[in-house]
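The values are calculated or read from the model by the stated rules, or taken from the named source; none is laboratory data. Here the structure is a predicted model, which is why all the values come from computation and not from measurement. Neighbour counts are summed over all protein chains in view; Cβ atoms, including those assigned to glycine, are modelled from backbone coordinates with ideal geometry.
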Amino acid sequence: MTSTSPADQRLRDLARLRGVRDRIDREYAQPLDVEALARGAHMSAGHLSREFRAAYGESPYAYLMTRRIERAMTLLRRGDLSVTEVCFAVGCSSLGTFSTRFTELVGMPPSVYRRQEGRATVGMPPCVAKQVTRPVRPRRSIRNGEAPTSAPSLA
């Protein structure tokens, strides 16, 4: 019988969490929920959510929505799809939820983003455009149980 140290167990858990994050990155447009992700990682949904948040600073659902919004931003900048088409193309099933989350993360509704940002990255290498346009989820205060945001040091 072999026993595992807490450090070994933590490394295994982190590898499973990385697998969940990679799955979200690959399958963002598919119907994914925390229960399905947890089953794939052989964890309970509650344990997955707690451990994912501890490792990555946000819940699996928040991470999934951020990936979907990132892809939606790219599709909207192209300009050849309507907001509704983009919503369904990135895996959202509700236009209202998509618009609300998009506005939260980007700071403007998807229709406004499509009009204003359509030409913002023209001529920019895709790797730079992805970095420049990446949505940033606003942090909540410490009182809500989330990690404090640290201001970057310019010194």
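Selection of region 89-111 for residues being loosely packed, with under 15 Cβ neighbours inside 10 Å and without any contact (Cβ under 8 Å) to a residue 40 or more places away in the chain yields SER94, LEU95, GLY96, THR97, THR100, GLU104, GLY107, MET108, PRO109, SER111. Number of residues in region 77-96 that are in a helix (DSSP H, G or I) and modelled with pLDDT of 95 or more: the value is 9.
Within region 34-56, is there a residue that is touching a Lys or Arg at 6+ places or on another chain (Cβ under 6 Å) and part of a helix (DSSP H, G or I)?
Within region 34-56, none of the residues are touching a Lys or Arg at 6+ places or on another chain (Cβ under 6 Å) and part of a helix (DSSP H, G or I).
Okay, residues lined up against (1) in contact with a Leu (Cβ under 6 Å, 6 or more places away or on another chain); (2) charged (D, E, K, R); (3) surrounded by fewer than 10 Cβ atoms within 10 Å (Cβ to Cβ); (4) within 27 Å of VAL86 (Cα to Cα):
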| position | (1), (2), (3), (4) |
| --- | --- |
| GLN9 | no, no, no, no |
| ASP22 | no, yes, no, yes |
| ASP25 | no, yes, no, yes |
| ALA36 | no, no, no, yes |
| SER49 | no, no, no, no |
| PHE52 | yes, no, no, no |
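Just one residue in the set ALA36, ALA15, ALA89, ALA41 is among the small types (Gly, Ala, Ser) and within 23 Å of PRO126 (Cβ to Cβ); that residue is ALA89. When you check ARG10 against the structure, is it more than 25 Å from PRO126 (Cα to Cα) and at pLDDT 95 or above, yes or no? Taking the combined requirement at face value, the residue does not satisfy it. The residue that is modelled with the lowest pLDDT, counting only those in region 118-133 that are farther than 14 Å from ILE69 by Cα and surrounded by 14 or more Cβ atoms within 10 Å (Cβ to Cβ), is THR121. Please tell me if ARG68 is under 16 Å from PHE102 (Cα atoms), modelled with pLDDT of 95 or more and either among the small types (Gly, Ala, Ser) or surrounded by 13 or more Cβ atoms within 10 Å (Cβ to Cβ) (or both). Criteria met by ARG68.
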